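Just below is one structure, and these are the notes that go with it.
The values are calculated or read from the model by the stated rules, or taken from the named source; none is laboratory data. Every value quoted in this text rests on a predicted model; they were computed, and no experiment measured them. Using ideal geometry, Cβ is built from the backbone for each residue, glycine included, and neighbour counts are taken over all protein chains shown.
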Amino acid sequence: MTTSPSYYDQIGGAPAVRDAVERFYVLVLDDADLRPYFAGVDMPRLKRHMVVLLCSVLGGPEPYEGRDLAEAHSGMGITSEHYAKVGEILVSVLQEAGVGDEIVQHVVLVLRKVESSIVAEPVETAG
C-alpha cells in the first residue's frame with residue numbers, strides 16, 4: 001500500500017517552506033498595522049520557529065517543539081482583525097507559491113483552531 005505524499009512533500013519540503021516564510025515576513029513587516037508587533041523581535045529566530053511550525057502543520061518530518069502559542073503571544077495584544085490580516089497574508093503567499101487549494105484550506109483550518117490561543121481579545125460571536 002502506498003501512502004500519498006504529505007502536504008509538506010507536495011509543496012517541495014523545507015526549501016519551499018523557508019521561501020514562503022521569508023516572503024510572508026517581508027509582507028507582514030511591510031504592513032503598518034502589523035509592523036509594531038515585531039519591534040525588537042529577533043527575526044531570524046522567529047523565522048526559524050515559523051518554518052518549523054509550518055513544516056509541522058504540513059506534515060513534515062520534525063514536530064514543532066517551540067513555545068506554546070498562547071505563551072509565545074501572551075501580552076502582545078493581538079486583535080482578531082490583525083490576526084485575520086496575518087492569516088490572509090500567509091494564504092496569499094502560499095497561493096502565489098502555487099500551493100494547491102486543499103493544502104491552503106488545511107492551513108486555514110489550523111489558523112482557525114489556534115486563533116483563540118493567539119488573539120488577546122475574545123472572538124466576537126454573532127447572535
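Some values worked out for this structure:
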item	result
Residue in the stretch 5-12 that is within 16 Å of the chain's Cα centre (by Cα), aromatic (F, W, Y), more than 19 Å from V119 (Cα to Cα) and assigned to a loop (DSSP other than H, G, I, E, B) present	no
Members of the stretch 84-98 that are loosely packed, with under 12 Cβ neighbours inside 10 Å and assigned to a helix (DSSP H, G or I)	E96
Test: residue in the stretch 66-81 that is free of Cβ contacts under 8 Å to residues at least 40 places away in the same chain, within 22 Å of V99 (Cα to Cα) and loosely packed, with under 15 Cβ neighbours inside 10 Å	no
Sole exception among (1) part of a helix (DSSP H, G or I); (2) surrounded by fewer than 15 Cβ atoms within 10 Å (Cβ to Cβ) for P61, by number	(1)
Any hit, the stretch 58-66, residues being modelled with pLDDT of 95 or more and farther than 23 Å from V104 by Cα	no
Residue identified as within 18 Å of V41 (Cβ to Cβ) and part of a helix (DSSP H, G or I) among E115, E81, E102, E71	E71
Answer residue from the stretch 1-33, given it is of a type in the set (S, T, N, Q) and surrounded by 15 or more Cβ atoms within 10 Å (Cβ to Cβ) and is farthest from L58 (Cα to Cα) among those	Q10
Residue check for G40: assigned to a loop (DSSP other than H, G, I, E, B), surrounded by 15 or more Cβ atoms within 10 Å (Cβ to Cβ) and among the small types (G, A, S)	no
